1. Just for helices (runs of 4 or more DSSP H) wholly inside region 52-140: which have at least 2 residues that are near ligand 1 (Cβ under 8 Å from one of its atoms) and in contact (Cβ under 8 Å) with a residue 24 or more places away in the chain?
2. Taking the condition of being within 15 Å of the chain's Cα centre (by Cα) and of a type outside the set (A, V, I, L, M, F, W, C), how many residues in region 58-96 meet it?
3. As an exercise: evaluate Lys210 against (1) surrounded by 11 or more Cβ atoms within 10 Å (Cβ to Cβ); (2) under 23 Å from His28 (Cβ atoms); (3) more than 15 Å from the chain's Cα centre (by Cα) and give the number of the one condition it does not meet.
4. Output the residues belonging to region 147-159 that are in a loop (DSSP other than H, G, I, E, B) and within 16 Å of ligand 2 (Cβ to nearest atom).
5. Report, by residue number, each residue of region 108-131 that is of a type in the set (A, V, I, L, M, F, W, C) and out of contact with any strand residue (DSSP E or B) (no Cβ under 7 Å at 6 or more places or on another chain).
6. Can we say Ile122 is under 21 Å from Pro9 (Cβ atoms) and in contact with a helix residue (DSSP H, G or I) (Cβ under 9 Å, 6 or more places away or on another chain)?
7. Anything in region 17-35 that is of a type outside the set (Gly, Ala, Ser) and near ligand 1 (Cβ under 7 Å from one of its atoms)? List them, or say none.
8. Cβ-Cβ under 6 Å, sequence separation 6+ or interchain: first residue in region 143-168 and aliphatic (A, V, I, L, M), partner assigned to a helix (DSSP H, G or I). Which pairs?
Amino acid sequence: MNIVLMGCPGAGKGTQSAKLQDKYQLHHISTGDVLRKEIASESTLGKQIAQIIDQGNLVPDKLMISILEKIVSTTDKDIIFDGFPRTVAQAEALDGMMQRLGRNIDKVIMITLPESEVVGRISSRRQCRKCEKILQIGPDESEKVCPECGGELYTRPDDTPERVKHRLEVYHQDTLPVKNYYAASGKYAEVNGNQTPEQVFEDVCNVLEKVK
Ligand code: AP5
Ligand code: MG
């Protein structure tokens, strides 16, 4: 079962992907995490990517598609795509790529969230540099270490309120049209992301159980 998880910044794609990966033994590909790893490697490509991603803009389709194709072709496991496709051109490329590999996308789930919730959620997010775990910190907390692996917790440079607002604009302009692309294929479903992570997960699993 290959799944695409869509949703605006902070909708909970990464949080739900981690749960789905465990439950269904899927290979989780977060294109945001892939790009952040490239930046952390301090490669020339990473430096170019940092300038784009830190501003909240999208990495060009051609580059993103070639990066993704390499990852997809190295796994036999079913995949959960988190943060890809983000444009209609990427959705078309993904269909072509999967077809060439004799695979297909089984379900596309959009996690919905009111925009009024986005900035608050994202400003309390910390991510582990080592294991990539996503955490929500409380108003008085200042945790610096991942409770799971002891890795350093950090705040993403694109998580300032100004950048988040820009990411939302980019999402509306470039990514929302992908919804119509998938709605036409009958593979599209929506889940209310404005519930506890456990409730969201239950709803996501209910959608997926109908596919199996
Ligand atoms: P990416 O890393 O994908 O960022 P995003 O899409 O903006 O989404 P986020 O990761 O911010 O949110 P999320 O939905 O994963 O939420 P999370 O689970 O963390 O992309 C970053 C950048 O990379 C892009 O802007 C672009 O520059 C580039 N990029 C990536 N893919 C690309 C592509 N395909 N093409 C071109 N460029 C690309 O949750 C957020 C917070 O809320 C966490 O603190 C979490 O603990 C908390 N939370 C989660 N669920 C709940 C809940 N139900 N209730 C309360 N809190 C919750
Ligand atoms: Mg994410």
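Values in this text are rule-based calculations from the coordinates and carry no lab data. Owing to the predicted nature of the structure, the values given are computational and were not obtained by experimental measurement. Here the Cβ is made from the backbone with ideal geometry for all residues, glycine too, and neighbour counts use every protein chain on show.
1. 61-72, 115-123
2. Counting residues in region 58-96 that are within 15 Å of the chain's Cα centre (by Cα) and of a type outside the set (A, V, I, L, M, F, W, C) gives 6.
3. All conditions are met except number (1).
4. Within region 147-159, Thr155, Arg156 meet the criteria.
5. Listed by number, the residues that qualify are Leu113, Val118, Val119, Ile122, Cys131.
6. Taking the combined requirement at face value, the residue satisfies it.
7. Matches in region 17-35: Thr31, Asp33, Leu35.
8. Hits for this filter: Val164/Val119; Val164/Ile122.
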